[in-house]
Each structure stands twice: as structure tokens, then as C-alpha cells.
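The values are calculated or read from the model by the stated rules, or taken from the named source; none is laboratory data. Note that the structure is predicted; figures quoted are calculated from it, not measured. Cβ placement follows ideal geometry from the backbone for every residue including glycine, while neighbour counts extend to all protein chains displayed. When the accessible area is computed, the model is the full protein with side chains, heavy atoms only, and any ligands, DNA or RNA have been set aside. Shrake-Rupley method; radii C 1.70, N 1.55, O 1.52, S 1.80 Å.
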Amino acid sequence: MRWAVPEAEFMDPGTLGCQGCGGTLSMRLVLKELGDDAIAVLPACCWSIIDGPWPVHALNIPVFHTAFETAAVVATGIKAAKQIKGKDTTVVAWAGDGGTFDIGLQALSGAAERNEDIVFICYDNEAYMNTGIQRSSATPLGTWTTTTPDERPEPRPKKDIMGIMAAHRIPYAATATVAYPDDLSRKVRTALAAKGGMRFLHLLSACPPGWKMAADDAIEAMRRAVQTNVFPLYEVRDGREYKITHWPEAEVDVADYFSLQGRFAPLLADDALLNLVRNNVRERWWFLVERHQQSLRKASSPDGAHLH
Amino acid sequence: MSERLLLTGNHAAAYGAMLARAEVISAYPITPQTMIVELLSELTASGRLAAKFITVESEHSAMAACVGASAAGARAYTATSGQGLALMHEMLHWAVGARLPIVLTNVSRAMAPGWSIWSDQTDIISQRDVGWMMLFAESVQEAQDFIIWMYRVAEQVFLPGMVAMDAFILSHTAEPIIVHDQDAVDAYLPGFEPLYDLDPTQPRAYGGLVNRDHYFELRYKIFESMERAGRLLIEAGDEFAEILGRRYSPVEGYMLDDAEIVIVSAGAMTSNVRQADKDLRDRGMKAGLMRLVAFRPFPVAEVRRLLAGRRKVAVLDRNMSPGHSGVFAQEIRSALAGQSGAPPVYGYVVGLGGRDVRVETVTEVVDDLMARDVPELALFVDVKGLPIGPVRPDSTINRLGPLEVAR
């Protein structure tokens, strides 16, 4: 696939991100697609630090820092003000998994239900990494964190945030990861083109310290998450039309993904649990494949127009 | 043209926000405030008010949306009450730290449990230290006008402000008021000119990390701006008289010139204190009223000036801070401490949860005041089965009230 990274740079070097931080790499690429007429809202998350302490500011767009649970609604307020002033500025809420799946879910649901004209981007590193690796509802089954120690690893599967967002029937929702940069960039552009309503991007974002792995394995880890179908790349339009955007060439066992990261030690040590996870991943993949095929059938049927 | 309309306090507040040309309104329903945002919703839907109306999913989000809108340069307004104001608490701090001149109306009601929608100042008093200016309306007219007065000051000092009105006593009571001429209000309150408005050509970061070398100074500046707000409230109150025909000030005196006994009050119950003062004067007592219009910034100088040399001061608090006293009484004592001619201050806790504070309640307070020689921090008025007095360690209140009635 031929694809050119936009040359414009909206993130200065020297951020406070950790080496191999998926959230930092994702921000850089996303900003290139967002362009210069954009505002970012940052709730409490790693990016509250990464952007730098006053007077340092790594991004070349305005950033409004806000309270943990308010990213979606502060973005809504900013958008309303810009609209009343006759401006078409893109307003992006950029939140971690805590600020999306957990404490931010109420305001996010409100903004999604009202179909606010904002872009909400979750960079998901699957735990509260900024406070030092505590579990969130995005933490996968069987994972170690400081609040789900080896003796009692995460007992529940990851919350299906994409399902929740799809259930709000928003115009556009997609998963992506910076390990597949062309797919991520295209989805940012698609989200921008779908303006007028709520857009949601769910970015799996490696955290080398929190995932207990080497920094230079970050891209490889995110790539394997996709190859093993642990984190499928897909998009959902209007909460109904599903489209898988990347089809793995061959089935790669989930252990290939887990073994790269120390946080999955409890999972890898428990065959029954690993099998359960393996089945969950397969089941979820086939669910998406079915939805994908169903959407294709509807689109090609004479009644397809009614989908919209 | 100004017009004379019969409006409830809630509808007057909505008119106040409309006359102030609020540009973004974000609100969540809560009794007894709901009529404010219902009317604003109608006014925006009909185009009479050119504003964005955001129907958020909580009061926390109502304030957060106002924070975003104000940061992006819009005049933002919301209204709430009781539990809703409490839920906003975190974002009330955010509005102050981000220096956003948001204005909200709080229809003051009691805090649950037990559920109570009736008048009580505890909700707003609980937000005392967040750094919002606070005005207490006594009438429906003021419920409208104070919004305009508050924006005028807030946008000069870049601090937010709230206007309190009593649940039902003002919010649901219709009074004839003057709805000001829009051009006159525009002359008094020009459009909001923010210093910063999240302009993408000026890519700054707002509200991020500050280390120990800077945070303290940011807070110092907030305190400094609040001091300036004290002076500006007086100036803007005088300008209000010049342009809109009604003079407002942070403190108001009534029958104070020769008063030996002064009753301190805020909010709607003040009207009954006025009547009580007349009745007491008829009985030959030199009684007067000092009404606190502004609670933040606290009008320390005016309070000292107006209370110096009085024989006794009774403070009526429709709120209490358990373990100490009513909060207005604390603040009055604190302002007077160490001043020459400082009178003794007697704290009276009245009317919690909407229990009526009648004219007779006030005269009973004054009778109690005259009978005492030593100031008390918190004297409870109208507790069932108990005379006016401090809380008794061996209180028999548990054996009084509904249980006894049920037998």
C-alpha cells in the first residue's frame, strides 16, 4: 500500500513520554492528520505529563487540560463556543483508558448520545499507567497490575468499549494502532470527514513499563495484538455497519502476543485461563467477521439504502 | 424598552441570562431550579436568545461544558441547586483555577438525606472556599439583576460568580419586576472579551502541570483578584444605578443609623427581618438590619464600619457548620475580631430545610438576644419542643417529634 505521512509536524521532540510510549507515537501521527485548525482536550492521563510542565508545551495546537472525567463534555463546551463564534475548529478529546472506560464513561456516553460534533480518541494502555499500573476496566483477563497481583490477576475480560460506543449509534467508531500507521491515518481522515457528529477512535497503545517489556518491543507488541486477533482493526458506521479493515494472513496463536510482555505471566502460567482467553479471542473475531459479512450483504441488497 | 412583567424568581433568572446574552448554556434539571433552564431552552429554541443550549447528563458535566465554553471565549451560564451544586464541586474549582468568568444561579436548597427541596443555604455555603464570588438575592428582581451585575464584575477579574436565590420563596414566587431594556443592558455589559480563547493560531497549553515554583503565585493572584472584585462590585453596583436604574452594593443597611441592636441576614428571609425591625421599633427598640448581599468577596470593611459600636449583633444563619456554628456568624466574628468597638456577636441557626423564618421568628430571636449577657456561637431557633438556645448535650430531641406524635 502506498501512503505518505504528512510532513507537517505538530509535536515537538523532547516530550516527557516514556521510551516506546504508544500514546506518544499515536499522538504524533494523529496530529499530522488533524491539521492546524484543531484543539485538544486532555483529561488526567499520561498525556497530562507528556505535554510538559508550564511553560513547556510539546504540541503545536492549543491544549486544554481538564479533570479526569470531563474530556468529552469539555470538548463539547469548546465546540459549542467555537460554533457560536462561527468557527469550524476540530475539537479532539484525547483520553486514556481510565478517562474513557471508567471515570470518563458517563460524560462520554452523554456526548455520544447527543451526537456532539467532536472527535474522542482513547489511547488505551490497558491500566492506570500514570499512577503506576493499576487495573482499569480495560485491563484484559489474567493480567498482572499492581492492584491485580500475580496471586489474583485481573478476573474479568476487558470491557467492550467499541460495543458500547456502537450502541450509541454514533456516525463513526474505529479501532486502530500506531503499529499499522496507514490504517490509523486513514481512520483519522475518515473521522474528520464524518464531522457533524460524534467520532470515536480506540487506539491500543503499548506501555513498556506497564506491560513489562522492552521499549523497542512496543511496535512489535501492538502489531502482534492485531495479528493474533486480540485487538482486531475494524470500524463501525452508525453503530450498525461493521467493516474489518485488516485481515491477518494466518492465524497466529495469542501466546505470541502475551509472551512478549511480563504482565501476562499469570495468564501464561495457567493453561485453563489461557485457553479461555484463546476462545474468547476467537469468539470475538468470528462475531466481527459475521457482522462484517452481514453489513456487506445489506449494502449489496436492494434495501441497503435503508441502513442510513 | 424596559417592561414590567410578573415573573417567578426562576423565570427572572432566565431573563437575566438572556439580557446578559449568555452564549453557551449547559444545564441539568433539578428541583427547584428546573424552570430556569426550561425557559432558557425555549428562548434559545425560538431564536430569541442566540445561544447554544447543551442538555448534559449531570451537573458535573454542566459545569464542565461551561468550563470548556468559557475557555473558548463564550459567555457561559448554568443553573443548579443543592445536590447539583455539590456534584459540580470539582469543576467549580476548575473554573476558578482556569480563571473563567462563568456565572451560575443556585436555587439554594437543603442537602440530603433526608431528601429536602426546601430553602437552606448549606449547599452554597459548602462551596465557600472554591473561589467563586457569591451574591444572595432577596427578591425576584435581584434574581434577574444580580446575573448581569455578576457578569460585569466576573469578566473584569476573570473569576466566576454564583447568584443564590432561596428555593420556592423566590424561585417559585411571582413578583412584578422590571425587565431591563436590552440596549441598556448591552451598554452596561459589553460582550465578553477573553484574554485567551483556545485559538489554534496561538497554540498554548492551559491548566497543565505547574511545579512548586509557580502554583503558589497562581493562587495568590486569585486572592488578589477577589480583593479587586470587592471594589468592583461597589463600582459596578453604582454603574447599575446610572444605566439600569437600580443601585446594588455588597452590603445593605436598613434602619441602621441609630440602631443599638443589629440583625444580620442574607437572602429572602431578610424581607421578614425588615418587617420585624419595624415591629421592634414600634416597641421602642432601636433595631436595625445589616444585609449581606455579597458573601464572597466578604465585605470586611463595610461590615466593620456598619457594626462598630453596636450594643449587640444577632446573625441569622440558614445554614450550619456542625461542630462550630452558622457560617455567616463565623465570618462576622472573624471580620470584627480585634476591632475597637466590636460588638458581641450572637449566632442564631434558623429555618433549616425550609422551616419558615417568620417575622415573629425574628422578634423572638431579638427577645432571646436581649435576655442574654454572654454571646453564644450557635443558638438554635424553632427546634421542635426546645426553646431558643445552644444544643444541649442531654438533648431530649430523640424523644420528641414524629415518634411522640405517632403514639
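Phi angles of region A:87-96 translate, via the Karplus equation with coefficients 6.51, -1.76, 1.60 and θ = phi - 60°, into HN-Hα couplings of 10, 10, 4, 6, 10, 10, 8, 10, 10, x Hz per residue; Gly and Pro are given as x. Rolling a 1.4 Å probe over the protein heavy atoms leaves residue B:67 with an accessible area of roughly 0 Å². Near residue A:125, the amide H atoms lying under 5 Å from its own belong to A:97, A:205; only residues 5 or more places off or on other chains count, and H is placed 1.01 Å from N.
Taking amide H positions as modeled 1.01 Å from N, with prolines and chain starts lacking one, the residues under 5 Å from residue B:264 and 5 or more places away or on another chain are B:290, B:314, B:315, B:316. Packing order of peptides A:162-168, B:178-184, highest average first: A:162-168, B:178-184 (average count of other Cβ atoms within 10 Å over each peptide's residues). Sorting A:113, B:23 on solvent-accessible area from highest to lowest, probe radius 1.4 Å, gives A:113, B:23. In this entry, the protein assembly as shown is assigned a mean projected area of 38.4 nm², taken as a quarter of its C-alpha convex hull surface. Put a plus charge on the Cβ of each Lys and Arg, a minus charge on the Cβ of each Asp and Glu, and nothing anywhere else: the dipole of the protein assembly as shown about its Cα centre is then about 400 debye.
Mind checking A:51-62 for the average number of partner chain beta-carbons within 10 Å of each residue's beta-carbon?
Across A:51-62, the average partner-chain Cβ count within 10 Å equals 5.
Each stretch of four or more DSSP H residues adds -39500 (n - 2.57); spread over every residue of chain B, this sum gives -12500 deg cm²/dmol at 222 nm. Put simply, the amide H of residue B:379, placed in the peptide plane, has neighbours under 5 Å in B:347, B:348, B:349, leaving out anything fewer than 5 places away on its chain.
Backbone geometry of region B:252-261 corresponds, through the Karplus equation with coefficients 6.51, -1.76 and 1.60 at θ = phi - 60°, to 3J(HN,Hα) couplings of 10, x, 9, 6, 8, 3, 10, 5, 9, 10 Hz, x marking Gly and Pro. In summary, the lysines within cross-link reach of residue A:87, defined as a Cα separation below 18 angstrom excluding same-chain residues under 8 places away, comprise A:79, A:195, B:52. Using Cβ point charges alone (K and R +1, D and E -1), the dipole size of chain B about the Cα centre works out to roughly 740 debye. With a 1.4 Å probe rolled over the protein heavy atoms of all chains, the accessible area of B:81, A:301 falls in the order A:301, B:81, largest first.
Using only side-chain charges placed at the Cβ, +1 for Lys and Arg and -1 for Asp and Glu, the dipole size of region B:258-407 relative to its Cα centre rounds to 260 debye. Note on B:192-204: average number of Cβ atoms from other chains within 10 Å of each residue's Cβ is 5. Using a probe of 1.4 Å, the accessible surface attributed to residue A:241 totals some 40 Å² when neighbouring protein chains are kept in position. Geometric descriptor of chain B, per residue, is 165 Å³ (volume of the convex hull of the Cα atoms). All other residues whose Cβ lies under 12 angstrom from that of residue A:29 are scored, Lys and Arg at +1 and Asp and Glu at -1, for a net of +1.
Please report the net charge: other residues with Cβ closer than 12 Å to the Cβ of residue A:246, K and R +1, D and E -1. Result for the local shell: 0.
Within straight-line reach of residue B:384, meaning a Cα separation under 28 Å, sit the following lysines at least 8 residues removed in sequence or on another chain: B:278, B:312.
Note on B:51-60: average number of Cβ atoms from other chains within 10 Å of each residue's Cβ is 5. Protein-only accessible surface at a 1.4 angstrom probe places the residues B:283, B:152, B:219, A:199 in the order B:283, B:219, B:152, A:199, largest first.
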